[in-house]
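Here is the structure we will look at.
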């Protein structure tokens, strides 16, 4: 019972961290390293509270995080993504099951597309000549919150068990 409270407390902490990441990315176009580090370093507590085994569960989380870092670091090197976004996605990969991490990426792409169109339109309407900077942390945080709400919360788990 205590581990269940810890489990949902950690998920609530992750949700707050995602909201904070979205807010700071909107304000400053930056996601702080300390925030990404806190998310990544609290993942082992989440694994413990979720009852994950070292093999294959935790190993899979590390593998997905490593693959995510490799892909998104490549996008960063090409100038297509910010460093804070890469670190946030890598940290989230330590928390989210591989199948749901793929869903997170799909939702992130959809939200990011809408965000880009909206901000591009706003940018053009205001006739700004500077480079358009999209706060992609908002899309990452939105997708992360969607995964938490649809997969990790108790109501989501009860609905899934009733459907299955």
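The values are calculated or read from the model by the stated rules, or taken from the named source; none is laboratory data. Computed from a predicted structure; not experimentally measured.
The one condition from (1) modelled with pLDDT of 95 or more; (2) assigned to a helix (DSSP H, G or I); (3) closer than 27 Å to residue 48 by Cα that residue 156 does not meet is (1).
It is to be established whether one or more residues within the range 85-95 are modelled with pLDDT of 95 or more and over 11 Å from the mean Cα position of the chain (by Cα). No, the range 85-95 contains no residue that is modelled with pLDDT of 95 or more and over 11 Å from the mean Cα position of the chain (by Cα).
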